[in-house]
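Peer 1: Okay, handing you the structure first.
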Amino acid sequence: MVRRRRRKCMSKNIDPLTLEAGSPENPSIFGKYLLLGLVARGGMAEVYRAKRLKKEEGLIALKAMRTKLLKEQKYIDMFLAEGTLGRMLQHPNIVETHEGGRHKNVYFFTMEYIAGKDLTHVLRKVQLADQRLPVPVAVYIAQKSADALHYAHTLTDKDDNCLNLVNRDVSPSNIRISYDGEVKIIDFGIARAKNRATSEIGTLKGKFSYMSPEQIRGLPLDGQTDIFSLGIVLYEMLTMERLFKGESETVLMEKVRQSVIPPPSTINKRVSPELDEVVLKALSRDKKQRYQTAGDLAAALLKLLEPYKFSVNELGDLMKRLFHDDYVKDKEVAVIASTLDSQFQMVDTGKTESFESLIDENFDVTGIMEMEVDMDPWEEEEENDPGEEGNSDDPAPPGEFMTHDPAPPAPAPPQANKASMDPNKLIFTLLGVTAFALIVTVIIIVLKKL
């Protein structure tokens with residue numbers, strides 16, 4: 001609760017929104033889109049719930065680059081590269097990117113809107129209910145995520161050259177679960193090419209708790225780093241505990257380097273020996289012992305899932321139970337959005353330039369995604385999760401499953417002033433001194449009589 005309130009206080013001091021956010025009841029117009037409210041805000045971009053005018057389609061998400069970054073071309077290139085890469089990634093378990101460009105000097109692109117929650121919120125909700133995520137649910141989410149990663153790792157360009165993409169940021173916050181049970185990886189914003197993967201030691205993107213040992217060391221990366229990170233996510237889904245945690249970043253990073261990992265069955269007895277073996281292989285510190293491809297991991301998980309006869313509807317039903325109020329609210333917004341075409345005309349006459357007109361044929365997507373910048377512009381600030389406007393006072397997750405890397409230990413409290421000694425201690429001290437004095441007096445009297 002404290003963490004969320006601190007976020008609210010921070011939001012009062014941040015820059016104005018790039019676009020007028022609007023709401024379902026009072027949308028704002030941006031080009032050919034109606035904006036129905038802010039979903040999230042990061043250091044580089046803002047995401048809005050939106051609907052395309054005169055299109056018989058549901059809600060979409062519109063991601064707009066923040067205007068404060070327009071002064072530097074590298075940020076524009078990074079944003080365009082993410083949108084371009086997103087349109088290349090066409091897989092049922094990766095969020096789909098539709099179209100984009102520039103309108104009134106605002107760079108944007110649109111994506112499918114996933115009505116649901118990210119895995120961080122799912123784990124938090126399950127834990128607060130003093131429950132565990134069912135084993136087949138955890139295996140299913142990991143299997144679909146591994147399948148998506150394998151697709152990205154083997155993606156080729158128009159000349160059939162493998163791009164060797166590496167996500168580098170696989171974590172619960174980047175895996176989204178829809179209310180229908182769909183599993184989507186939602187962010188390839190810091191993906192990079194394998195043959196350009198080296199960087200200065202210490203220049204680390206992503207989250208320490210979900211990094212591989214080689215990523216922590218600043219070594220060259222390939223798809224196996226994503227396998228290790230997904231192994232961490234699977235471990236935490238099965239145990240409902242953070243795998244790597246420490247009182248400081250230094251301690252945390254050392255634990256990742258060592259990667260001494262007990263089988264998840266030591267915490268959750270419902271985990272089978274076969275599943276233990278799969279998890280520990282994904283989390284092997286030695287890359288030679290780890291799964292060589294995300295496809296191999298996906299196949300192993302699918303084999304374990306078969307006896308459960310698991311259906312996607314089971315995950316959808318679980319999501320609707322866990323987040324019933326938010327599910328109902330999202331449905332209501334969708335209904336309102338479906339009636340807006342008859343109420344609005346396209347009156348925003350500003351020119352919209354397409355992605356194709358902004359990017360020439362020599363635009364190096366993988367090279368740009370490789371760029372290092374002084375800050376991680378995607379995670380500087382944060383706002384509400386989609387559909388979560390009414391949940392800002394949810395209690396924070398229990399300490400055993402922290403959803404963010406630990407902050408450095410707080411400084412030790414100042415020593416109490418001697419003059420402000422606790423009254424009870426003072427009384428006991430005085431009584432002790434008095435008793436000692438009486439004993440000494442009695443001894444002296446007895447000795448004199450002798």
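Derivation of every value follows stated rules applied to the coordinates shown; laboratory data play no part. Keep in mind that what you see is a predicted model, and the values were worked out from it rather than measured.
Peer 1: Which whole-number percent gives the relative contact order of the range 97-186, counting Cα pairs below 8 Å spaced six or more residues apart?
Peer 2: Details: 87 pairs, mean separation 27.2, N = 90.
It comes to 30 percent, rounded to a whole number.
Peer 1: Sort the range 252-349 into rounded, prolate or oblate with this rule: let a ≥ b ≥ c be the square roots of the eigenvalues of the Cα gyration tensor; rounded if a/c is under 1.5, and if a/c is not under 1.5, prolate when a/b is larger than b/c, oblate otherwise.
Peer 2: Prolate.
Peer 1: Round to a whole angstrom and tell me the spacing of the C-alpha centers of the range 311-330 and the range 230-285.
Peer 2: 28 Å
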